[in-house]
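Everything below concerns the one structure shown next.
The values are calculated or read from the model by the stated rules, or taken from the named source; none is laboratory data. Note that the structure is a prediction, hence the values are computed from the model and not measured. Positions of Cβ are generated from backbone atoms using ideal geometry, with glycine treated the same way; all protein chains shown enter the neighbour counts. What goes into the accessible areas is simple: the full protein's heavy atoms, side chains included, and nothing from ligands, DNA or RNA. Shrake-Rupley method; radii C 1.70, N 1.55, O 1.52, S 1.80 Å.
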Amino acid sequence: RFAARFADFTVAPETVALMRRMVEHGEVDALVPERVWQEFSRGLMEATPSRMLAVLRECGALSRLMPELDRLWGVPQRADYHPEIDTGVHLMMVLDTSAQLAAPLPVRYACLVHDLGKGTTPASEWPRHIAHETRSAELADMLAERLRVPADCRELGEIVAREHGNIHRSASLDAAATMRLLERCDALRRPQRFEQALWACECDARGRAGREGEPYPQRARLCAALRAVLAVDATAAAAQA
């Protein structure tokens, strides 16, 4: 957390060595899930969350606590979509973007888990990751269950993991397909949560090398679509029908 909070913070080599020995001796495995989540969630809310992940990876703790995350490093993505290529690097960029946009914890957690499925893509299929969204949602649910993640974070994480690709491509959807997307996200009943999902998707889109400042019109378009749907007088429409 100190690494994520303070830009000039570094871990002394002897401390890193001690941390590695502690991980090897199983001390990390003995931590209760509630404590892990408490500390990790605080780190996510710091100015540079990616540095927390870097320290956890350096000492080997991330692979023991969250193997779903740790295996993202070294997994390539298509350069035309992800100029940074490495999925782990992309994750770190997305998290730091969420901090720059002052996103709340549920949004930052959704950013954390949105691409977990890419870590399970067979190497023979790289750099493509077909249907990774479904796998990401399943892995996000497993991670949330293991760490006892609060419901608001868990639910948003599952939605973003499952639907972020469709939200990115939403400009090409017609009215019926847009409506189906809103319904899958339960946007009519939970509009504020849907707005948070769009927030996380914007972080995903801008957390890429050279695209940090690009606009994300999908967010405004889908918010407008949701407002239009919510403005419909369903009772009057039913009576007319």
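Data table
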quantity	calculated
Any hit, the stretch 105-118, residues being open to solvent by less than 10 Å² (accessible area, probe 1.4 Å), among the aromatic types (Phe, Trp, Tyr) and touching a residue at least 12 places away in the same chain (Cβ under 8 Å)	yes
Check on Glu214, open to solvent by 40 Å² or more (accessible area, probe 1.4 Å), of a type in the set (D, E, K, R) and part of a helix (DSSP H, G or I)	no
Criterion (touching a Lys or Arg at 6+ places or on another chain (Cβ under 9 Å), among the basic types (Lys, Arg) and closer than 22 Å to Val11 by Cα) met by exactly one of Arg35, Arg42, Arg64	Arg42
Selection count, the stretch 73-90, where residues are touching a residue at least 40 places away in the same chain (Cβ under 8 Å) and buried (at least 23 other Cβ atoms within 10 Å of the Cβ)	2
Selection status of Val55, open to solvent by less than 40 Å² (accessible area, probe 1.4 Å), in contact (Cβ under 8 Å) with a residue 12 or more places away in the chain, part of a helix (DSSP H, G or I) and of a type outside the set (Lys, Arg)	yes
Set Ala187, Ala205, Ala238: member being among the hydrophobic types (A, V, I, L, M, F, W, C), over 28 Å from Pro33 (Cα atoms) and open to solvent by 40 Å² or more (accessible area, probe 1.4 Å)	Ala238
Count of the stretch 183-204 residues which are part of a helix (DSSP H, G or I) and closer than 21 Å to Asp115 by Cα	13
